[in-house]
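See structure below.
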Amino acid sequence: MRPTRPGIASADRPRRGPFASLLDQILHDRTALDGLAFAYAELALPERHALVRAVLQDAADPTRALAALLAVEEEPSAQQRLARLIQRHGRVEQSAFLTGTEAQGEARLLQSLPSLDPESLCIAWKESKIKSIEIESRRDFKIDDAALAVTVSEAAETLAPLLWQHIRSGGQLPEGVERFAGFFSGASSP
């Protein structure tokens, strides 16, 4: 009779062991990254949490692995947890641009993770009400020449009341907006 192998939740693995090698490989091998994401999606919630803990323990830079897990995670609370972990443990570069006034304007929040295309959350408002919220992912963003580069905390201070009013009045947020939660956490604001 063959002994069963311990699951990832109960395995007594050395730090930076073989799993770390796989995590290092995903930085350069999209197939390995896809395999990790597909395997994660097939696990039950406790095992998904354990896999996230293993990524945080073993990865030299957990950013890309956590982002891949977030992309396939369907449970809202787990999505929020992964987004917070990326902000706390990942190497996320953030910048913000504003144009206009409190009554009418536009903000663009940019973030990029190592070896992934940057993405942007663009929010436009008129008469102090949000008119559009869009998530864009691409290499080159066109920033309006009139837009001023501002600190992340300044952009959050401008946008938070608008977003709160939008949500309270029944407005919808685009799918994936939780990836931008770090702009409003205050923890990583410059």
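The values are calculated or read from the model by the stated rules, or taken from the named source; none is laboratory data. Model, not experiment: these values are computed from the prediction. Don't worry about glycine lacking a Cβ; one is built from the backbone with ideal geometry, like all the others, and counts go over all protein chains shown.
For the reader, a short list of remarks on this structure follows.
- Residues of the stretch 115-137 classified as aliphatic (A, V, I, L, M) and under 24 Å from ASP29 (Cα atoms), total: 1
Let's see how each residue does on (1) crowded, with 16+ Cβ neighbours inside 10 Å; (2) within 17 Å of LEU33 (Cβ to Cβ); (3) polar (S, T, N, Q):
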site	(1), (2), (3)
LEU56	no, yes, no
ALA60	no, yes, no
ALA65	yes, yes, no
PRO76	no, no, no
GLN87	yes, no, yes
GLY90	yes, yes, no
GLU93	no, no, no
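- Test: residue in the stretch 113-120 that is assigned by TED's automatic domain parsing to the domain that holds THR158 and crowded, with 19+ Cβ neighbours inside 10 Å: yes
- Residue pairs meeting the criteria (Cβ under 8 Å; at least 6 apart or on separate chains; first surrounded by 15 or more Cβ atoms within 10 Å (Cβ to Cβ), in the stretch 41-54; second of a type in the set (D, E, K, R)): ARG48/GLU73; VAL52/ARG81; ALA54/ARG13
- Filter result for LEU27 (closer than 17 Å to GLY90 by Cα and not charged (D, E, K, R)): yes
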